[in-house]
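Some notes on the structure that comes next.
Please treat every number below as a calculation from the coordinates, not as lab data. All of these numbers come straight from a predicted model, not from anything done at the bench. As a convention, Cβ positions derive from the backbone with ideal geometry for all residues, glycine included, and neighbour counts pool all protein chains shown.
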Amino acid sequence: CQARTMCERGCPLGAYFSSNASTLPWAQKTGNLTLQPNAVVHSIIYDEGKGKATGVRVVDAQTKNVTEYFARIIFVNAGALNTNLLLLNSTSNRFPNGIGNDSGTLGKYVAFHNYRARITGQYEGFMDKTTEGRRPTSAYMPRFRNVHRQETDFLRGYAAGFYSSRNMIRNDEGFGKSLKEALNNPQLGPWNVGSHMMGETIPKETSYVALDSKKDKWDMPLLKISMDYDDNDEKMIVDYQEQL
């Protein structure tokens with residue numbers, strides 16, 4: 001980390017993977033990259049005669065004109081849930097319930113993260129030190145539960161993040177000039193430390209995504225999401241809090 005604090009945009013130095021910092025610049029260097037902005041992919045085109053996918057159907061987000069693009073190889077990089085939406089919306093005589101969905105399980109058994117527990121506290125010390133950019137960088141505790149054997153009353157496990165920071169304390173008492181001076185000269189508070197859990201959920205048929213009857217302005221079905229936590233997740237939270 002070079003303390004640029006632009007992680008959300010894709011690190012400009014490529015310190016972690018993102019399409020902005022990694023794959024797109026390399027694709028551009030080939031001279032064969034064409035970026036198509038304002039493009040909403042509607043569905044994958046399946047060729048009944050060839051028995052394979054041959055292209056994509058794209059709606060222009062501004063004009064709503066539909067264009068079809070064809071290629072020998074198609075990569076679907078729409079993210080976990082929207083990839084399911086795209087596949088489910090790609091219907092044909094061969095695949096009436098979505099391309100590749102002969103089993104009927106497309107969109108079902110969605111596993112997601114149990115992020116619902118946190119631990120926070122204060123550390124008394126290092127008052128002559130503070131943060132700079134993203135430093136000190138956060139820590140990561142890999143999963144340590146049920147790795148080599150089943151040792152708890154819940155299945156699977158969780159990882160945990162850890163961070164530290166100092167908040168600015170502003171004195172908002174007074175009026176006029178004294179208030180402005182106080183607000184413009186904040187003081188560093190104590191070190192705060194904290195952790196958040198990243199637990200595994202059990203894939204279940206009742207956790208699913210499906211196409212909604214409602215559509216957006218580009219005539220794409222909205223994604224209906226049905227997920228919930230269960231007793232296994234609650235037991236995992238208790239263990240995380242005890243361990244941390």
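Of the GluC sites (Glu not before Pro) in region 1-83, which ones lie in a loop per DSSP and count no more than 13 other C-beta atoms within 10 Å?
E48
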Practice task
Using a/c under 1.5 as the rounded threshold, could you call region 163-218 rounded, prolate or oblate? The axes a ≥ b ≥ c are square roots of the C-alpha gyration tensor eigenvalues, and prolate needs a/b larger than b/c, oblate otherwise.
Solution key: oblate
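Rounded, prolate or oblate, given the Cα gyration tensor of region 114-244, with a/c below 1.5 counting as rounded?
It is oblate, given that a/c is not under 1.5 and a/b is not larger than b/c.
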Practice task
List, in order, the whole-Hz ³J(HN,Hα) value for each residue of region 12-20 obtained from phi through the Karplus relation with A = 6.51, B = -1.76, C = 1.60 and θ = phi - 60°; use x for Gly and Pro.
Solution key: x, 9, x, 6, 9, 6, 7, 5, 5
Handout entry: Dipole of the chain, positive end: most advanced residue of G176, P221, M6 [Cβ charges, Cα centre]
Key = M6
Problem - Given charges at beta-carbon only (K, R positive; D, E negative), |dipole| of the chain in Debye - result: 820
Problem - Extent along principal axes [Cα atoms of the chain; Å; largest to smallest] - result: 75, 50, 39
Handout entry: 10 Å-binned pair-distance histogram of region 18-149 (Cα, whole percent)
Key = 8, 24, 24, 20, 15, 7, 2, 0
Exercise for the section: Work out how far the C-alpha atoms of region 1-86 reach from end to end along every principal axis, then list the three figures in whole Å, largest first. Expected result: 53, 27, 25
Problem - Cα→Cβ-extended label distance, 7 Å offset, between V40 and Y16, nm - result: 3.1
Fill in the blank from the handout: Under 5 Å from the placed amide H of F154, counting only residues 5+ away or on other chains, we find none
Exercise for the section: Among W191, T120, T137, flag the residue with its Cα farthest along the positive direction of the charge dipole of region 120-244, charges on Cβ as +1 for Lys/Arg and -1 for Asp/Glu. Expected result: T137
Exercise for the section: Please label the shape of region 54-107 as rounded, prolate or oblate, based on the square roots a ≥ b ≥ c of the eigenvalues of the alpha-carbon gyration tensor (a/c under 1.5 means rounded; beyond that, a/b larger than b/c means prolate, else oblate). Expected result: prolate
Problem - Charged-residue dipole, Cβ positions (Lys, Arg, Asp, Glu), region 1-107 about Cα centre, Debye nearest 20 - result: 240
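Which loop trypsin sites (Lys or Arg not before Pro) in region 19-64, with loop taken from DSSP, have no more than 16 other Cβ atoms within 10 angstrom of their Cβ?
In loop regions of region 19-64 (DSSP not H, G, I, E or B), the sparsely surrounded trypsin sites (Lys or Arg not before Pro) are K50, K64.
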Exercise for the section: Quickly work out the T152-to-A182 label distance, labels modelled 7 Å from Cα along the C-beta direction, and quote it in nm with one decimal. Expected result: 4.6
Problem - Over 30 Å between alpha carbons, listed pairs K129/K180; K29/K224; K52/K108 - result: K29/K224
Exercise for the section: Let me have the 222 nm mean residue ellipticity of the chain computed from DSSP H runs of 4+ only, each contributing -39500 (n - 2.57), with the sum over all residues rounded to the nearest 500. Expected result: -4500 deg cm²/dmol
